[in-house]
Every structure is written in structure tokens, then in C-alpha cells.
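Beneath this line is the structure, given in C-alpha cells, with notes to follow.
The values are calculated or read from the model by the stated rules, or taken from the named source; none is laboratory data. The shown structure was predicted, so the numbers you read here are calculated from the model rather than taken from an experiment. Here the Cβ is made from the backbone with ideal geometry for all residues, glycine too, and neighbour counts use every protein chain on show.
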Amino acid sequence: MYSALNVFGQFNFQTVAEKSDFKSTSYYNDVKVFIEQLKKILSYIREENLAITNEGREVPLLIIGNPLQKSPKDLVNDKRIVVYIQANIHAGEVEGKRRL
């Protein structure tokens, strides 16, 4: 089964969906733990806060780049493509799961 960082051949941790053969999805705290794991092993990832939910939880925003820019202003003369990906726009939809 594919795992988040098996591509690099160095680390092997998985999301709740991957661990459950896509029968379960992550809770908020599962996502936060996964992000913390990523930040510990990748020097080119930074977490910021996109918004605050009605429950008072931060909505994480991950910025990834190699080299990692310190702010959006640093990208003004950067020739790299900027890609924005949004997921989990509804509660309980942290990552997809297949139907049985």
C-alpha cells in the first residue's frame, strides 16, 4: 500500500485512511499529528493558520517549497509555479475513502 513518504524510501507513516484500507477517515487530532510528523522530517514544509472554525480550531495551511520561502512576497520574482490545493471543506471529509 502507498504511504505518504515511501516515495523517498526513508520514512513510512500513513494516514488513518491508508492504515484502514480507506474504510475510515481521520479526526482533527489525527491530522494535526500527521502534520507534526511531516514537519519533523521535512525541512521544506511550514504550517500556518488559514482560518478558525466555529469550534475555535485552527484550519492548517501547509506551505511546501524547496527552498521554502519565508513569505508570499518572496515569490514575486520566483519562476516556480504556485499550486493551491484545498481539501476537507466539509467536516468528516479529511481524506477520501472508497465505497465498499
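Yes or no, residue by residue, for (1) at pLDDT 85 or above; (2) not hydroxyl-bearing (Ser, Thr, Tyr); (3) not in a helix (DSSP H, G or I):
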{"site": "Gln10", "(1), (2), (3)": "no, yes, yes"}
{"site": "Lys23", "(1), (2), (3)": "no, yes, yes"}
{"site": "Ser26", "(1), (2), (3)": "no, no, yes"}
{"site": "Asn29", "(1), (2), (3)": "yes, yes, no"}
{"site": "Arg46", "(1), (2), (3)": "yes, yes, yes"}
{"site": "Asp74", "(1), (2), (3)": "no, yes, no"}
{"site": "Lys79", "(1), (2), (3)": "yes, yes, yes"}
{"site": "Ile85", "(1), (2), (3)": "no, yes, yes"}
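Under 8 Å between Cβ atoms, at least 6 apart or on separate chains: pull out the pairs that start in region 2-22 with a residue that is closer than 15 Å to Tyr44 by Cβ and among the aromatic types (Phe, Trp, Tyr) and end on any residue that is assigned to a helix (DSSP H, G or I) and modelled with pLDDT of 55 or more.
Once the first residue is closer than 15 Å to Tyr44 by Cβ and among the aromatic types (Phe, Trp, Tyr) and sits in region 2-22, its partners that are assigned to a helix (DSSP H, G or I) and modelled with pLDDT of 55 or more give Phe11/Ile41.
Specify the residue that is farthest from Leu38 (Cα to Cα); the eligible residues are those in region 60-73 that are under 15 Å from the mean Cα position of the chain (by Cα) and either loosely packed, with under 13 Cβ neighbours inside 10 Å or of a type in the set (Gly, Ala, Ser) (or both).
Only one residue tops the list, namely Gly65.
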